[in-house]
Every structure is written in C-alpha cells, then in structure tokens.
Amino acid sequence: MTHNFGLHFAQELGNRFGSPTDSWPASAEQVIPFFTIVVNALGTDDAAQWFEAARRAHQRVVTAEQNRAHHFGFAHHLDFETEAHQEITLPVVAAFEATKGLYEITRRDSSVDIDVFFDCALRACSRGSGRADSAPVEAGANA
C-alpha cells in the first residue's frame, strides 16, 4: 500500500488534540492499529466509505440509547450500514472485526466520542488519495 494511513491518522489526531504526550485521549494510541487494519484491508477509498458507514452505525446506537429503545448493538448496525453480510471476504471480515474492536475500546474512554476518531480517519484517508488535505471525505455507496 502506498498510502501511509498510520502517519496521516497520527497527524490528524495531533491537529485535533495537540501533542500526543500532552492531551490525546487514552484510547487514541490503542485504536490506531485497528483503523490501520481497515485501511490496509479495504484501501483508502473503500475505507473512507466504511468509516462513514461506521459513523452512521454509531449514531444509530447513540440515538437508541438516548431514546432508551431496544437495539442489537453496534455490530448489528455496522453490518446493516456497511452491508458486510452481502460480501463476506477476508478484507471485509478484517475491517468488520477491527471496527468492532476500535469501537469497544473507544466506548470505554469517556474523554472522547468515537465520532472524533472517525473524522480524523476520514481526513487521513483523504491526505494520500489525491483529495484536498485534511478535508473530510464524502462517502457515496456503502462498502
């Protein structure tokens, strides 16, 4: 892969939170490898669409929790939003499992909303893919 997502993601986290030793959320260091797995498995363009879908899945969870409504959890919403069940390939399984992992880690860190990480990931995907630097990616179809 020619795109150095890990470096770009760390730069975006630095833009958002400042120096890593000073003010990054505790979960930031732990989730970088999981985000990188998604990009390595899917490529930057499909990963950007995947992160947008994961963001929508997260919003479904948040809305259900705020409304005290029953829901089947993030993994169910992620599957629905990404349509991962439609194409069960090794890259999709890797992206799915990595996203579940980074979500669980972040949900246990009260100092950050995972939406911030998704935003940084989208900006990092756009850095090396010919799009304007640090501009969020608009996702079209689901991955």
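Rule-based calculations on the coordinates, nothing more; no lab input. Quick caveat, the model's predicted, so the values are computed rather than measured. Methodologically, a virtual Cβ is constructed for each residue, glycine included, from the backbone with ideal geometry; neighbour enumeration extends over all protein chains shown.
Values as computed for the structure displayed
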quantity	calculated
Relative contact order (%) - the chain, alpha-carbon pairs under 8 angstrom, separation at least six	37
Which label in (1) 46, 34, 25; (2) 39, 33, 23; (3) 45, 28, 26 gives the computed Cα extents along the principal axes in Å	(2)
Net charge of Cβ neighbours under 12 Å - reference residue 93; Lys, Arg +1; Asp, Glu -1	-2
The chain - mean residue ellipticity at 222 nm from DSSP helices (-39,500 (n - 2.57) per run, n ≥ 4, rounded to 500)	-21500 deg cm²/dmol
Only Lys, Arg (+1) and Asp, Glu (-1) charged, at Cβ; the chain dipole about Cα centre in debye	160
Extreme residue, positive dipole direction of the chain, given options 47, 124, 13 (C-beta unit charges)	13
Alpha carbon centroid spacing (whole Å) that separates the stretch 78-106 from the stretch 4-31	22
Ordering of 49-62, 79-92 by burial proxy (mean other Cβ atoms within 10 Å per residue, highest first)	49-62, 79-92
Charge sum, other residues only, whose C-beta stays under 11 Å from residue 13's C-beta, Lys/Arg counted +1 and Asp/Glu -1	-1
Gain upon complete extension [residue 93, residue 76; 0.36 nm per residue less C-alpha separation]	4.7 nm
Ranked by how many other beta carbons lie within 10 Å on average, peptides 111-119, 33-41 from highest	33-41, 111-119
